[in-house]
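Take a look at the structure below.
The values are calculated or read from the model by the stated rules, or taken from the named source; none is laboratory data. Owing to the predicted nature of the structure, the values given are computational and were not obtained by experimental measurement. No Cβ is skipped: glycine too gets one built from the backbone with ideal geometry, and neighbour counts run over all protein chains shown.
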Amino acid sequence: MKTDFEKIIAELESLTKRLEDPNVNLSESIELFNQGVALSKKCLKELDESKGKISILTDEINNISKPFEAE
């Protein structure tokens, strides 16, 4: 099953192909571009959330693997 990120990337690829079609008029091109920008923002949000999760997990691993320091 595809993740939301993978679905968004697939949609962006589809939009890109449509934008490359020389038969697409200016009005439609602008609308497709607008959709692409919105999808790109969703991708960035997904990446930021993933980065945050990875950061939290990395911090947990680092705290677990620190050597014990006696006071």
Residue hits (region 4-29; farther than 28 Å from residue 47 by Cα and not small (Gly, Ala, Ser)) are 21, 22, 23, 24, 25, 26, 28
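Hey, does region 62-69 have a residue that's surrounded by 10 or more Cβ atoms within 10 Å (Cβ to Cβ) and of a type outside the set (Asp, Glu)?
First, pick out the residues of region 62-69 that are surrounded by 10 or more Cβ atoms within 10 Å (Cβ to Cβ): none.
Looking for residues that are surrounded by 10 or more Cβ atoms within 10 Å (Cβ to Cβ) and of a type outside the set (Asp, Glu), one finds none in region 62-69, hence no.
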request  = Test residue 54 against the criterion of being at pLDDT below 95, surrounded by 10 or more Cβ atoms within 10 Å (Cβ to Cβ), of a type in the set (A, V, I, L, M) and not in a loop (DSSP other than H, G, I, E, B), and give yes or no.
outcome  = yes
Only unsatisfied item for residue 48, checking (1) surrounded by fewer than 11 Cβ atoms within 10 Å (Cβ to Cβ); (2) touching a residue at least 12 places away in the same chain (Cβ under 8 Å); (3) not aromatic (Phe, Trp, Tyr), is (2)
